[in-house]
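Step one of this worksheet: look at the structure below.
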Amino acid sequence: MGKGTDKLYITHSEWASSDAFSANSGSRSKASAPFRRLPFNFCAASLQPFKNPVCTPDGTIFDIEVISKWLENHKTNPVNGEPLSARDLVKLNFARNADVDSKAADGTGSDGKGDLIDPVTFKVFTDNTHIVAIRHGTYANVFAYETIDRMNIKAKMWRDLVDDAEFGRSDIITLQDPQNAASRDLSQFKYIKEGENALLTKAQEEERKEGNVNIGALGRVGDKVLRAKEAVEKARREREAGRSVNGNSGALAKIGTGNAARPNMIQEKKAAYNSAVYTTGKAAASFTSTGLTPETSGERAILTDEEYMLKPKRVKITGYARIETNLGDLNIELYTEHAPRAVWNFTRLAQKGYYKGVTFHRNIKNFMIQGGDPSGTGRSGTSVWGKNFQDEFDGPHTHDSRGILSMANKGKNTNSSQFFITYRPAKHLDRKHTIFGKVVGGMDVLSKMEAVETDGSDRPLNKIFMKDILVYLDPFQEFQKQKAERDKVAEAKAEIERTGGTEDDKLTWTGKRVRADGTVDQGSGSVGVGKYLKAAKLQQGANRDEIIEEDLDAWEQPVQKKAKTGGFGNFDNW
């Protein structure tokens with residue numbers, strides 16, 4: 001019960017520790033994002049169990065149908081964003097025990113294929129097993145690492161234990177390492193960070209539409225579930241058609257003929273524009289902890305305005321800035337659509353005056369000029385967030401011309417405040433440095449900067465420094481302004497609908513105007529059926545005033561009919 005002990009209780013300090021959800025843990029429980037681990041037998045793109053597994057050279061497992069659909073449009077790895085093609089994928093051959101697997105004790109929930117196992121020791125793979133694959137060209141056999149370590153590496157016998165094919169140490173691909181659980185952290189997957197949903201195969205999409213119930217795996221119970229689903233669907237259709245679910249449609253139809261259609265009592269809450277693809281996690285935390293207030297609904301987390309705008313391809317407005325140097329001015333065009341983080345960092349630092357008086361500490365003729373470090377050494381500089389931020393390589397821009405503006409870094413995902421401007425095309429820098437702008441004015445000033453002499457360490461002998469950086473068009477402010485205008489128009493439309501609509505909407509179907517108090521103006525409206533009723537009334541009034549002459553001579557009294565007698569008649573003559 002206790003942590004690392006056999007005692008049957010938990011102490012107060014253990015309950016209030018940083019990895020608990022108690023009220024005493026305070027802000028420590030919110031300091032780090034919740035760790036969500038991807039199971040070893042799940043596809044990293046669909047987040048569902050794989051059927052035909054393949055892996056990348058770095059050990060990320062996908063379902064071949066899912067990753068093929070992704071590669072048709074993106075050509076990148078959805079997990080880390082690196083380039084990926086179909087020829088880089090390696091088919092994985094998993095061994096199974098072909099017995100009743102762990103899905104059900106009696107075999108009713110088994111798919112008949114068995115658990116994934118090591119083909120030598122027959123140990124069942126779990127989320128805590130160190131799993132590797134031995135690559136042979138386009139395919140790889142999957143083993144437990146302890147088997148390979150004991151029978152191949154230590155024995156120095158470099159032949160596959162399944163098909164006896166030769167391999168080297170470089171052919172060992174790690175699929176799951178329990179000591180490196182961060183590599184399977186769902187919150188670090190690139191496509192999830194960017195707000196995209198998990199990909200599904202056609203079969204998985206159909207299964208989700210059917211309610212995620214695997215009828216075939218339920219055995220005889222599946223027939224009952226299927227019949228129950230059909231009955232529910234039939235009842236729903238009859239309810240929508242206005243009929244009774246219990247069969248008394250005739251009796252209820254007479255009662256409810258004059259009633260309006262009954263509205264749906266379950267109203268789906270419309271998600272906010274800045275809602276994330278993941279929930280707040282309060283429902284799960286309160287379910288497992290008595291120290292939290294119970295939550296029964298999984299609400300989506302709300303992104304801040306900054307997090308919402310810094311998603312790629314969300315803000316498509318091009319920004320413009322001017323770098324004022326002691327040699328002249330450079331006009332910069334900023335690529336907000338494909339590098340929003342870099343543009344946000346550059347514009348916010350410029351607006352804070354971070355770059356005022358900062359020198360260009362590195363100048364290499366026919367290559368580039370670099371600056372942005374307040375110390376002037378090239379070893380410091382911080383971003384607007386106070387820490388390094390990630391690279392952005394999704395855009396079509398490349399270092400293909402003179403005047404490209406890119407982020408300087410010390411390696412992968414180490415961008416801070418330093419940037420550089422190229423003097424010539426440098427294709428070898430593509431996908432290593434984030435491109436977030438281009439010089440569109442002041443090429444003569446760039447030539448003056450290139451012509452400045454430097455010492456042996458490429459430091460300019462005559463200082464080149466930035467007086468200031470002015471942001472002419474802030475794309476993020478413009479985006480917020482346009483969004484505010486759209487929200488204002490939408491709110492005005494909603495207000496008109498709440499008050500009954502516009503003047504054109506405040507008319508009856510006969511064309512009569514509806515007053516503010518809800519009454520109908522009978523004098524208004526010259527079109528519709530009313531005009532025929534008015535004409536009939538006028539004609540009737542004219543007939544009353546008109547004098548009609550009658551021909552008295554031609555009038556004859558109608559012949560009276562004899563009254564019929566019944567019974568036995570009159571007995572007076574007797």
Residue under evaluation ASN413, criteria (1) surrounded by 15 or more Cβ atoms within 10 Å (Cβ to Cβ); (2) of a type outside the set (Gly, Ala, Ser); (3) under 14 Å from ARG341 (Cβ atoms), criterion not met = (1)
Output the number of residues of segment 399-428 satisfying the condition of being assigned to a loop (DSSP other than H, G, I, E, B) and aliphatic (A, V, I, L, M).
-> 2
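Looking at segment 473-483 only, could you name the residues that are part of a helix (DSSP H, G or I) and open to solvent by less than 60 Å² (accessible area, probe 1.4 Å)?
PRO475, PHE476, GLU478, PHE479, LYS483
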Only one residue in GLY403, GLY441 is closer than 22 Å to LEU327 by Cα and either in contact with a helix residue (DSSP H, G or I) (Cβ under 8 Å, 6 or more places away or on another chain) or open to solvent by 70 Å² or more (accessible area, probe 1.4 Å) (or both). Which one?
-> GLY403
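Quick one: which strands (runs of 3 or more DSSP E) lie wholly within segment 319-393 and hold at least 1 residues that are aromatic (Phe, Trp, Tyr)?
In segment 319-393, the matching strands (runs of 3 or more DSSP E) lie at 319-325.
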Answer residue from segment 452-463, given it is out of contact with any Phe, Trp or Tyr (no Cβ under 7 Å at 6 or more places or on another chain), on the phi < 0 side of the Ramachandran plot and in contact (Cβ under 8 Å) with a residue 40 or more places away in the chain and is surrounded by the fewest Cβ atoms within 10 Å (Cβ to Cβ) among those | LYS463
Tally of residues being in contact (Cβ under 8 Å) with a residue 40 or more places away in the chain and assigned to a helix (DSSP H, G or I) across segment 307-318 = 1
Which of the following residues is among the aliphatic types (A, V, I, L, M) and open to solvent by less than 70 Å² (accessible area, probe 1.4 Å): VAL142, VAL162?
-> VAL142
Of all residues in segment 57-99, how many are out of contact with any strand residue (DSSP E or B) (no Cβ under 8 Å at 6 or more places or on another chain) and of a type in the set (Lys, Arg)?
-> 2
Scanning segment 490-515 for residues that are open to solvent by less than 80 Å² (accessible area, probe 1.4 Å) and closer than 19 Å to ALA272 by Cβ, which turns out modelled with the highest pLDDT?
-> ALA490
Looking only at segment 165-190, and only at residues there that are free of Cβ contacts under 8 Å to residues at least 12 places away in the same chain and farther than 25 Å from ASP127 by Cβ, the one that is surrounded by the fewest Cβ atoms within 10 Å (Cβ to Cβ) = SER170
State yes or no: is ILE323 more than 14 Å from GLN480 (Cβ to Cβ), open to solvent by 60 Å² or more (accessible area, probe 1.4 Å) and among the hydrophobic types (A, V, I, L, M, F, W, C)?
-> no
May I ask you to list the residues in segment 288-306 that are in a loop (DSSP other than H, G, I, E, B) and either touching a helix residue (DSSP H, G or I) at 6+ places or on another chain (Cβ under 9 Å) or under 21 Å from GLN482 (Cα atoms) (or both)?
-> GLY291, LEU292, THR293, PRO294, GLU295, THR296, SER297, GLY298, GLU299, LEU303, THR304
Would segment 368-380 turn up any residue that is aliphatic (A, V, I, L, M), under 20 Å from LYS432 (Cβ atoms) and buried (at least 16 other Cβ atoms within 10 Å of the Cβ)?
-> yes
Please give the number of the condition HIS433 fails out of (1) modelled with pLDDT of 95 or more; (2) farther than 13 Å from ASN345 by Cβ; (3) open to solvent by less than 20 Å² (accessible area, probe 1.4 Å); (4) in a loop (DSSP other than H, G, I, E, B).
-> (3)
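Have a look at ALA271, ALA285, ALA253 and point out the one that is in a helix (DSSP H, G or I), open to solvent by less than 100 Å² (accessible area, probe 1.4 Å), modelled with pLDDT of 55 or more and of a type in the set (A, V, I, L, M, F, W, C).
Details: ALA271 fails: in a helix (DSSP H, G or I); ALA253 fails: modelled with pLDDT of 55 or more.
Exactly one of ALA271, ALA285, ALA253 is in a helix (DSSP H, G or I), open to solvent by less than 100 Å² (accessible area, probe 1.4 Å), modelled with pLDDT of 55 or more and of a type in the set (A, V, I, L, M, F, W, C), namely ALA285.
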Filtered residues of segment 132-159 (kept if more than 42 Å from the chain's Cα centre (by Cα) and in a strand (DSSP E or B)) | ARG159
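The values are calculated or read from the model by the stated rules, or taken from the named source; none is laboratory data. Since we're looking at a predicted model, the values are computed, not measured. Cβ coordinates were reconstructed from backbone atoms using ideal geometry, including for glycine residues, and neighbour counts include every protein chain displayed. Areas reflect the complete protein model, heavy atoms only, side chains present, ligands, DNA and RNA absent. Shrake-Rupley method; radii C 1.70, N 1.55, O 1.52, S 1.80 Å.
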